[in-house]
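These notes concern the structure reproduced below.
Derivation of every value follows stated rules applied to the coordinates shown; laboratory data play no part. Just so it is clear, the model here is predicted, and its values are computed rather than measured. Glycine gets a Cβ as well: all are built from the backbone with ideal geometry, and neighbour counts include every protein chain shown.
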Amino acid sequence: HRRSVMHGGKGPREAVLVGFMGAGKSSVGRMLADRIGAEFIDVDEMIGRNAGRSIREIFASLGEGVFRDMEKAAIRDAVSVSGRVVAAGGGAFLDEGNRMALSAYGPVFFLDASCEAIVARLSGDRSRPLLPGEGNELHGLMEKRRPAYLMADFTVPTDGRTVLQVAGVILRLLARHRSPKRNGVDE
């Protein structure tokens, strides 16, 4: 059974979470979906289920191009049903088509984390497909992706915040979200 929280008579709200791997999209997304009575969709998990193999295996055996095609199809599927919180993969929001589909679906929240926080969260995690070495290489990839992430409706800093605190910030922003796209850091 799924709790349905009413928002101004509109029923469950949609939301999209983007950001670098390790920013907390899946953890925050699950908690957020539970709080608003929505279904949680992790695009990377959906791709892995559909392909019958891990994201890392898809990258290694089929290549990034094939993975990105699978990702586009999974995003189209994810946004085809209302009432979902969708967590997009770390590189998904760089693609203009994906950005348009996700932005049209619901407000997009960029979970912003520092390079240091990402390294700390991902240390020892070998399941990530594009986890470069620590330091400059990781920082470079994050900076390359940042302009795309900043096209999100809201930027939510995650450093020093728990999953519960980040989900709380997003809940407050969802409750206030009635206006066109805004830029800058929110909360």
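The table that follows gives values for the structure above.
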item: Net charge of Cβ neighbours under 15 Å - reference Lys72; Lys, Arg +1; Asp, Glu -1; result: -4
item: Charge tally in the Cβ shell below 11 Å around Gly19, where Lys, Arg are +1 and Asp, Glu are -1, Gly19 excluded; result: +2
item: Gain upon complete extension [Lys72, Asn50; 0.36 nm per residue less C-alpha separation]; result: 6.6 nm
item: Order by protection proxy (mean Cβ within 10 Å, highest first), peptides 138-149, 86-97; result: 86-97, 138-149
item: FRET efficiency estimate (nearest 0.05) - Cβ-Cβ, Glu137 to Ser82, R0 35 angstrom; result: 0.35
item: Cut-off 15 Å between beta-carbons: net charge of the residues surrounding Ala51, Lys and Arg +1, Asp and Glu -1; result: -3
